[in-house]
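Below: one structure, written as structure tokens.
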Amino acid sequence: MTGVECGRYVVDARDGRVGRVMGREGPYVQLRPPGGGREWDCPPDSVRAAMPREELRGRVAELNQASRLP
């Protein structure tokens, strides 16, 4: 997938993890799990756009995390 925009939800096709694009580092796309956590690097050719249900799952995880913050 080329032209991956920061903030978009995508799927790492290697293992099916949903992540939010945080940027690029060298040849990799940096992804962060919805709701926070450790970023991981993914080759751009292993990134696909998140389907609506996958994006919704990511947004819900982020909202749940935000509701737990003081």
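The values are calculated or read from the model by the stated rules, or taken from the named source; none is laboratory data. The structure displayed is predicted, hence computed values, not measured ones. Backbone-built Cβ (ideal geometry, glycine too); neighbour counts: all protein chains shown. Keep in mind that these areas ignore ligands, DNA and RNA; they rest on the heavy atoms of the full protein, side chains included. Shrake-Rupley method; radii C 1.70, N 1.55, O 1.52, S 1.80 Å.
Note on segment 17-34: residues that are within 19 Å of Ala66 (Cβ to Cβ), open to solvent by 70 Å² or more (accessible area, probe 1.4 Å) and among the charged types (D, E, K, R) total 1. Of all residues in segment 35-50, those that are under 11 Å from Val4 (Cβ atoms) have Cβ atoms under 7 Å from Cβ atoms of residues that are surrounded by 13 or more Cβ atoms within 10 Å (Cβ to Cβ) and modelled with pLDDT under 95, 6 or more apart or on another chain, in Pro44/Met1; Pro44/Val4; Val47/Met1; Val47/Val4; Arg48/Met1; Ala49/Met1.
So, Arg14, is that one open to solvent by 50 Å² or more (accessible area, probe 1.4 Å), in contact (Cβ under 8 Å) with a residue 24 or more places away in the chain and in a loop (DSSP other than H, G, I, E, B) or not? So Arg14 fits the description; yes. Evaluating Gly3 against the criteria (1) farther than 19 Å from Ala61 by Cβ; (2) open to solvent by 70 Å² or more (accessible area, probe 1.4 Å); (3) modelled with pLDDT under 95 leaves one unmet condition, (2).
State yes or no: is Leu56 free of Cβ contacts under 8 Å to residues at least 24 places away in the same chain and either open to solvent by 90 Å² or more (accessible area, probe 1.4 Å) or outside any strand (DSSP E or B) (or both)? Answer is yes for this residue.
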